[in-house]
Amino acid sequence: MPRQGGSIVTLVEPARGRGLAIWAQIAEILQDEITRGVVKPGEQLPPEAVLAARFRVNRHTLRRAVAALQEAGVVRVEQGRGTFVAEDVIDYALGQRIRLTENLRKLDRTPGSTFLRGVELPAPARIARALAMRAGKPVILLETLSFADGRPMSVGAHYFPKARFDGIIEDYRRVGSITKALAERGIDDYFRKVTRITAQMPDAADARLLQQARNQPILVTEAVNVDIAGTPIEFGHSRFSGPRVQFTVEN
């Protein structure tokens, strides 16, 4: 059967006289296809004209069906782009001990990460203040792309003082985890001192990496991690996919 925009487009004519409004029957059919995975989270439904022709109804009736699905949180409608199946949102906990892999496994998600790049650079003033060091002193920037169940979740920029963490790029590439890479440097435990959360629109690079539209917001965290003595060890600037992630702040 042909597919368009992630959905089967075979003709379906709702049953008239069934006692259920035509638009409600269309909503049922579309929701059933979404539930069965015919159209997957994040995929786009066919254009309005195609769906109206498929169900042999006018656009007004089709719009009522789509509006019902949107109200139920099954789909999202983006002005000028179309209708998309809503993402399965990750309830990501922010607390004193934030470990991405542990957090995702507690949610029965499969974690993953990819190395993007690692460089040495002079610490900008803002990052130097966060790390309690002089501006211009060298820091190591490690950029990563994190996944949950194979879907991009966040792009992270992690800054470490070079004097203490020279070689952490190689450690990360070998062990595939920042927590494990820190352990290689003698940091067996660390804590979140502060997290600042904002929302903004992604630039083209982040939208591409997170596989989301540029008119969908991302959640941005800026955070400082410290060792058990309270010494700053990492400044993190992470961009999370807005459609896929929501934060829960733990006390």
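The values are calculated or read from the model by the stated rules, or taken from the named source; none is laboratory data. Since the structure is predicted, the reported quantities are computational estimates derived from the model, not experimental observations. Using ideal geometry, Cβ is built from the backbone for each residue, glycine included, and neighbour counts are taken over all protein chains shown.
Listed by first and then second residue, the pairs linking a residue in segment 192-203 that is more than 19 Å from VAL226 (Cβ to Cβ) to a residue that is among the acidic types (Asp, Glu), with Cβ atoms under 9 Å apart and 6 or more places separating them unless they lie on different chains, are THR198/GLU222.
Selection of segment 151-172 for residues being more than 18 Å from LEU121 (Cβ to Cβ) and in contact (Cβ under 8 Å) with a residue 24 or more places away in the chain yields ARG151, PRO152, MET153, SER154.
Within segment 36-53, the set of residues being part of a helix (DSSP H, G or I) and either under 14 Å from PHE84 (Cα atoms) or in contact with a helix residue (DSSP H, G or I) (Cβ under 9 Å, 6 or more places away or on another chain) (or both) comprises GLU48, ALA49, LEU51, ALA52. Can you tell me which residues in segment 187-210 are more than 23 Å from THR248 (Cβ to Cβ) and touching a helix residue (DSSP H, G or I) at 6+ places or on another chain (Cβ under 9 Å)? Answer for segment 187-210, where residues must be more than 23 Å from THR248 (Cβ to Cβ) and touching a helix residue (DSSP H, G or I) at 6+ places or on another chain (Cβ under 9 Å): ILE187, ASP188, MET201. For LEU45, the test of being under 24 Å from the mean Cα position of the chain (by Cα) and of a type in the set (A, V, I, L, M) is passed. Being touching a helix residue (DSSP H, G or I) at 6+ places or on another chain (Cβ under 9 Å), closer than 22 Å to VAL39 by Cβ and assigned by TED's automatic domain parsing to the domain that holds PHE165: is that true of ARG109 here? It is true that ARG109 is touching a helix residue (DSSP H, G or I) at 6+ places or on another chain (Cβ under 9 Å), closer than 22 Å to VAL39 by Cβ and assigned by TED's automatic domain parsing to the domain that holds PHE165.
ARG244 satisfies every condition listed in (1) surrounded by 15 or more Cβ atoms within 10 Å (Cβ to Cβ); (2) among the basic types (Lys, Arg); (3) within 20 Å of LEU142 (Cα to Cα) except (3). Per this entry, GLY95 is not counted among residues that are surrounded by fewer than 16 Cβ atoms within 10 Å (Cβ to Cβ), within 17 Å of the chain's Cα centre (by Cα) and not charged (D, E, K, R). Scoring GLN216 on the criteria (1) touching a Phe, Trp or Tyr at 6+ places or on another chain (Cβ under 9 Å); (2) of a type outside the set (Lys, Arg); (3) crowded, with 17+ Cβ neighbours inside 10 Å leaves a single failure, condition (1). Search segment 54-87 for residues being part of a loop (DSSP other than H, G, I, E, B) and either in contact with a Gly (Cβ under 9 Å, 6 or more places away or on another chain) or β-branched (Val, Ile, Thr) (or both), and hand back the single one that is modelled with the lowest pLDDT. Among those that are part of a loop (DSSP other than H, G, I, E, B) and either in contact with a Gly (Cβ under 9 Å, 6 or more places away or on another chain) or β-branched (Val, Ile, Thr) (or both), it is GLU87.
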